[in-house]
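The values are calculated or read from the model by the stated rules, or taken from the named source; none is laboratory data. Owing to the predicted nature of the structure, the values given are computational and were not obtained by experimental measurement. Here the Cβ positions follow ideal geometry from the backbone for every residue, glycine too, while neighbour counts run over all protein chains shown. What goes into the accessible areas is simple: the full protein's heavy atoms, side chains included, and nothing from ligands, DNA or RNA. Shrake-Rupley method; radii C 1.70, N 1.55, O 1.52, S 1.80 Å.
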Amino acid sequence: MTNEVTGSMWSAAVLTLYPEMFPGTLGQSLAGRALADGLWSLDAIQIRGFATDRHRSVDDTPAGGGAGMVMRADILAAAVDAAAARHPGNPVLAMTPRGRPLTQSRVHELAAGPGVTILCGRFEGMDERLFEARAVEPVSIGDYVLSGGEVAAQVVLDACIRLIPGVMGAASSGEEESFEAGLLEYPQYTRPPLWEGRAIPEVLRSGDHAKIAAWRKQRAEDDTRLRRPDLWERHGGAPVHPPSGAQAKEEDE
């Protein structure tokens, strides 16, 4: 199936030292069925194929000293250029903890385009000159460090693929999920109505759709305010401050 915006199939290209890791989890469930049905395509490209020495080396020691190895800019650039020729128009992302945090709005932009090319980092990182010489967007999926960018790339792809028309079925099924409206999603319940002494909230069994909608909105706002004050403030809520004693202590410092 073709992308409604571009008129072509949504394509994913992954530049990696471990192409055998793909499709991985993307070969299962919704993404796997969509791949089998031709809703998107996957091209896992071995970075070592662009090495120039007989050992197929892609890294070298860090300039200035230090532990570990750094992925070379010349080899990465050659890989990026080859991927750009095979998947023209795809934005290129590099998975790195030094990147900007991935957001749902960025995911929507990527899913609406022709596809995405993702460069998976390894070792101590990538030579910074790559980002100066090529249009490569550094992206992070969280404030923690992984062994490599492959798992992070699968996270990005899964987030995008589920938004491709036809993947999730009903178009409305993702509209009220966390982050879509800038809030965490309201809590969900299902049968049995009573479990270990805990009952489903009465309002959800009332059949009053207006009351249910109001309850869900209130819970989404309350949970976001308590669990993710950063999201709540961006959503337009009042800033969430720590207890007065802790606030005073911070101000004194």
>> Over all directions, how big on average is the projection of the convex hull of the alpha-carbon atoms in the stretch 87-155, in square nanometres?
In response: 4.7 nm²
>> For the chain, set up a GNM with springs between Cα atoms under 10 Å and report which of Ala67, Ala153, Ala199 has the largest fluctuation.
In response: Ala199
>> Can you give me the accessible area per residue for the chain, using a 1.4 Å probe, in Å²?
In response: 58 Å²
> Which FRET efficiency, nearest 0.05, do Ala210 and Gln104 yield, Cβ-Cβ r, R0 25 Å?
Replying inline: 0.40
> Given a Förster radius of 35 Å and the C-beta distance between Arg227 and Arg33 as r, what FRET efficiency does 1/(1 + (r/R0)^6) yield to the nearest 0.05?
Replying inline: 0.60
> How high is the FRET efficiency between Glu20 and Glu137 when r is their beta carbon distance and R₀ equals 22 Å, given to the nearest 0.05?
Replying inline: 0.30
> Ignoring ligands, DNA and RNA, how do Tyr186, Tyr18 rank by accessible area with a 1.4 Å probe, largest first?
Replying inline: Tyr18, Tyr186
> Within a Cβ distance under 15 Å of Ala152, other residues only, what is the Lys/Arg minus Asp/Glu net charge?
Replying inline: 0
> How many percent of the accessible area of the stretch 148-237 is carbon or sulfur, using a 1.4 Å probe?
Replying inline: 53 percent
>> How long are the semi-axes of the equivalent ellipsoid of the stretch 1-98, taking √(5λ) for every eigenvalue λ of the Cα gyration tensor, in whole Å from largest down?
In response: 30, 15, 13
> Residues in the stretch 37-75 near a label at Val145, defined as backbone nitrogen under 12 Å from the 7 Å Cα→Cβ point?
Replying inline: 67-69
> Using the alpha carbon gyration tensor of the stretch 41-170, what are the three equivalent-ellipsoid semi-axes (square root of 5 times each eigenvalue), largest first, in whole Å?
Replying inline: 27, 17, 12
> Calculated from DSSP H runs of 4 or more alone, at -39500 (n - 2.57) each and per residue, what is the 222 nm mean residue ellipticity of the chain, nearest 500?
Replying inline: -10000 deg cm²/dmol
>> So if I take the alpha carbon set of the chain, get Rg, then get Rh from the Kirkwood formula, what is the Rg over Rh ratio?
In response: 1.06
> When the gyration tensor of the stretch 72-118 is built from Cα positions, what are the square roots of 5 times its three eigenvalues, in whole Å, from largest to smallest?
Replying inline: 21, 16, 4
